[in-house]
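The structure appears right after this line, and notes come after that.
Laboratory data are not the source of any read-out in this text; all were calculated from the coordinates shown. Remember, it's a predicted structure, so these values are computed and weren't measured experimentally. Please note: Cβ atoms are built from the backbone with ideal geometry, for glycine as well, and neighbour counts cover all protein chains shown.
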Amino acid sequence: MLKTFIKVMLGNKKETSFIIPDYYYPDIYSINYEKLQERKIDTLLFDVDNTIAFVDDIMISKQTIKLFEKLKKTYKILLFSNNHEERVKPISQKLGVKMLAQADKPEKKAYEQALQILNAKEKNTAAIGDQMLSDIVGAKKINITAILVDQLSSKNNLQTGLAQKLQKFIVKKLNKENRFKYYNYYERK
């Protein structure tokens, strides 16, 4: 994560291309899942903290439960988190989906393991999360469609807080270069 941050801040074009998401939405409810289907996406890897649940909270909204019930009819789904199993498992059980905790995103082996669990292919998979330095970079380096969503809350734990601080520096740099700006949502064509 730190290596990527430094390379992006120093202007490494290849590393910067990995940090910019393919799609950017305000939240998981705004994602155009029909468009993903049209692109032959059949597998979704969801980050947990500040993507589908508040940091260190196992409460899941009725809206999220309803969304996952709908998505499970079309997609293979995995909760894909760097957090510990005790954090991810209750959410996985509530949503009725598989999980991979302590995943070690953005490492390539983490994404390979996630794909193996669901018997999925990179080209048919989308990773959804709020962290550029883990969720987006890791997905793009293995040719998985990368979808960034805004954080559910500004509350972070130590790990997510550091990543968000680094991400703010990156976004400031990308904004100056007219390459990415918060709240300028978009879909890949």
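Taking every residue in the range 169-188 that is farther than 9 Å from Tyr24 by Cβ and pairing it with any residue that is in a helix (DSSP H, G or I) and polar (S, T, N, Q), at least 6 positions away or on another chain, the pairs with Cβ-Cβ distances below 7 Å are Lys181/Asn175. Among the residues making up the range 77-113, a single one is closer than 14 Å to Asp135 by Cα and free of Cβ contacts under 8 Å to residues at least 12 places away in the same chain: Lys109.
Across the range 8-17, a minimum of one residue is classified as over 15 Å from Gly138 (Cα atoms) and either touching a helix residue (DSSP H, G or I) at 6+ places or on another chain (Cβ under 8 Å) or not in a loop (DSSP other than H, G, I, E, B) (or both). Taken over the range 119-141, the criterion of being out of contact with any strand residue (DSSP E or B) (no Cβ under 9 Å at 6 or more places or on another chain) and surrounded by 24 or more Cβ atoms within 10 Å (Cβ to Cβ) is satisfied by Ser134 alone. Of the residues making up the range 18-63, those that are more than 14 Å from the chain's Cα centre (by Cα), under 26 Å from Phe180 (Cβ atoms), part of a helix (DSSP H, G or I) and in contact (Cβ under 8 Å) with a residue 24 or more places away in the chain are Tyr33, Lys35, Leu36, Gln37. Residues in the range 51-72 that are over 24 Å from Glu34 (Cα atoms) and in contact with a strand residue (DSSP E or B) (Cβ under 8 Å, 6 or more places away or on another chain): 3 in all.
If the condition is being closer than 22 Å to Leu162 by Cα and either of a type in the set (Ser, Thr, Tyr) or loosely packed, with under 12 Cβ neighbours inside 10 Å (or both), then the range 7-24 contributes Leu10, Gly11, Thr16, Ser17, Tyr24.
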